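K.L.:
My questions all concern the structure below.
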Amino acid sequence: MVIADPHGAALKEEQWSAETGPHSAKEALIHVLAWFEATYPRLRMLAVGHRIVHGGPDHAAPLALDDRVIAALRQLSPLAPLHQPHNLAGVEAARAAFPDALQVGCFDTAFHRAHPWVNDVFAIPRQLYDEGVRRYGFHGLSYEYVTRELARIAPQHAAGRVGW
């Protein structure tokens, strides 16, 4: 576990074996919260942001997570079985730990929702498309960050102020 400040400097580092470490998102969150409470006793959580791999065809922007939205996202688990259940377990753990905090989902698939229609339907039978199946790309939050950073530094690079 690494807890870092906004600049990436480690505030706390701890390693566990598979036997001694947290075995669920809830256990991991409890461990991190214990450190935060000891270090920042006046800290109050107002909002929690969650990376969620799949937003499906209906969720293409950050969204407040309530019971209805979480149930809809749970239905997408077969499309990302190695990620979606764990992402939602983190949401449930945070909701339990911070019942008054706003929970917001940010979706990896959202970055790819603005691509042309032909990309959505490529190699998908029309009947499946009509039922809601889309051709998604993943890792969208990472791509969004990288493209934003490249757009920020590209003018500097063109002017010869940044080396690659």
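The values are calculated or read from the model by the stated rules, or taken from the named source; none is laboratory data. Since the structure is predicted, the reported quantities are computational estimates derived from the model, not experimental observations. As a convention, Cβ positions derive from the backbone with ideal geometry for all residues, glycine included, and neighbour counts pool all protein chains shown.
Each row is one residue, and each column tells you yes or no for (1) touching a Leu at 6+ places or on another chain (Cβ under 6 Å); (2) assigned by TED's automatic domain parsing to the domain that holds D130; (3) among the hydrophobic types (A, V, I, L, M, F, W, C).
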residue	(1), (2), (3)
A9	no, no, yes
K12	no, no, no
A38	no, no, yes
A60	no, yes, yes
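K.L.:
I've got another one for you. Looking at this structure, is A60 touching a strand residue (DSSP E or B) at 6+ places or on another chain (Cβ under 8 Å), modelled with pLDDT under 90, closer than 22 Å to Y136 by Cα and among the small types (G, A, S)?
P.N.:
yes
K.L.:
Further question on the same structure: Taking the condition in a strand (DSSP E or B) and not assigned by TED's automatic domain parsing to the domain that holds R95, does L29 pass?
P.N.:
The answer is no for L29.
K.L.:
Hey, among the residues in region 39-76 that are assigned to a loop (DSSP other than H, G, I, E, B) and of a type in the set (K, R), which one's surrounded by the most Cβ atoms within 10 Å (Cβ to Cβ)?
P.N.:
Among them, the one singled out is R44.
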